[in-house]
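Only one structure is covered here, and it is reproduced in the block below.
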Amino acid sequence: MEANPRLKGVVNLYREIFSVQRKMSQRIPDRLPHIEGAQVSARLVDGRLLLEPGELEVDLGILEEMLRETAGVLKKRSERPPAGLDEFLERDLDEAGLKELVEAYQEGDEERFRSLVEGQALDPAVAFLLLHVSLAPFYWKAVGSLARQADLDQVPRGTCPVCGDLPIMGFHRGEDGLRVLECSRCGTRWGVPRMMCPFCLTTDQKKLHYIFPEKDRSRRAYLCDGCGRYIKIRISPPGKEEEFVVPLEDMATAHLDVAAEEKGYRRGCRTVFS
């Protein structure tokens, strides 16, 4: 990292954003789960999300504060702050405009999201990232009790069974070698087949391989030639899974992002590294 000033800057950016997320999450009240027991199991069997679009309660006032603080970090830490950021904050952070953006985001309607941001200087991808990291604390508070009620050890899908987003990273569980992924949005963990790309679901072993640093085989980037994407995986010692803190591990493995991208692969989910 010392040899790569740009990478060091990105890690500092990520660290500050995570700090803002943790701080704001303390202001979001805990809520009782909207489904319980048999309803949780039934949704999993039916392939439905445990937290469907529209079921997440969002305090727009807290969300606006989160967006503004995150934007402030971007402006302070970026070598070139995103063009149009100030205009976006002034124009679209009224309650009605913010509510529309949240609805489009939750529904995964990229076309609608882009249309709401169109006509501004801010890149829609930057607006999406701002909303993504700002909504994350609301998801964290909502999904904890849901995930604890569900058996998520064997879910043959690459997207989160709770909120439907893509995984940010994963680890191989020390006790049984199960591959466990963690959601890039809500933080839910679920088990998947080891020889499966979580993004295109291919199980063709000829298309799946991995790279690792010369002196650390426990941290790897698994590459898929089928879709051209990759996911970072940590080989976890037995009993150490609870110590696996994804934001910290993501920063510690930023060199793997660089190595994978130099080989022509792209990150599977949207983060400050991709």
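Each value in this text was obtained by applying a stated rule to the coordinates, not by laboratory testing. From a predicted model like this one, the values you see are computed outputs, not experimental measurements. Cβ atoms come from the backbone with ideal geometry, glycine included; neighbour counts cover every protein chain shown.
Would you please give the residues with an amide H less than 5 Å from that of residue 162, counting only those at least 5 places away or on a separate chain, with H modeled from the backbone geometry?
Distant-sequence amide H within range of residue 162: 50.
Tell me which residues come under 5 Å, amide H to amide H, from residue 210 once H is placed; ignore anything under 5 positions away on its chain.
Sorted by chain and number, the residues that satisfy this are 223.
Taking every pair of Cα atoms in the range 61-112, average 1/r, invert it to obtain the Kirkwood radius, and report Rg/Rh to two decimals.
Result: Rg/Rh = 1.00.
Let me know the Rg and Dmax you get for the range 91-203 when you use only its Cα atoms, in Å.
Cα-based Rg and Dmax for the range 91-203 come out at 16.4, 53 Å.
Provide the per-residue ³J(HN,Hα) series for the range 228-233, in order, calculated from phi with Karplus coefficients 6.51, -1.76, 1.60 and θ = phi - 60°, each as a whole number of Hz, with x at glycine and proline positions.
x, 10, 9, 9, 8, 10
How many angstrom lie between the Cα centre of the range 44-87 and the Cα centre of the range 206-264?
Taking the Cα centre of each part, the range 44-87 and the range 206-264 sit 26 Å apart.
Only bridges whose two residues both fall in the chain count here: according to DSSP, what percent of them are antiparallel, nearest 5? Intermediate values should be presented prior to the final figure.
Values: 18 of 24 bridges.
Rounded to the nearest five, the antiparallel share is 75 percent.
How would you classify the range 48-157 from its alpha-carbon gyration tensor, with a ≥ b ≥ c the square roots of the eigenvalues: rounded for a/c under 1.5, else prolate if a/b is greater than b/c, otherwise oblate?
prolate
In cubic angstrom, how much convex hull volume per residue do the alpha carbon atoms of the range 166-274 span?
Here the figure is 98 Å³ per residue.
Efficiency by 1/(1 + (r/R0)^6): what FRET value for residue 75 and residue 207, r their Cβ-Cβ distance, R0 = 51 Å, to the nearest 0.05? The partial results should precede the final answer.
Numbers: r = 41 Å, r/R0 = 0.80.
About 0.80, to the nearest 0.05.
Within the set of other residues whose C-beta is less than 10 Å from the C-beta of residue 238, count the net charge using Lys and Arg as +1 and Asp and Glu as -1.
-1
Taking the Cβ-Cβ separation of residue 114 and residue 217 as r and a Förster radius of 30 Å, what is the calculated FRET efficiency to the nearest 0.05?
Working from the Cβ atoms, E equals 0.10.
So what are the radius of gyration and Dmax for the Cα set of the chain, in Å?
According to the Cα coordinates of the chain, Rg and Dmax are 18.7, 53 Å.
Among rounded, prolate and oblate, which fits the range 20-76 when a ≥ b ≥ c are the square roots of the eigenvalues of its C-alpha gyration tensor, a/c under 1.5 means rounded, and a/b larger than b/c means prolate?
prolate
Calculate the FRET efficiency for residue 19 and residue 48 from the Cβ-Cβ distance with a Förster distance of 45 Å, rounded to the nearest 0.05.
Using R0 = 45 Å, I get an efficiency of 0.85.
Span-like helices, the chain: DSSP H, alpha-carbon axial extent 15 Å or more, mean Kyte-Doolittle 0.5 or greater, which ones?
Span-like helices here: 124-149.
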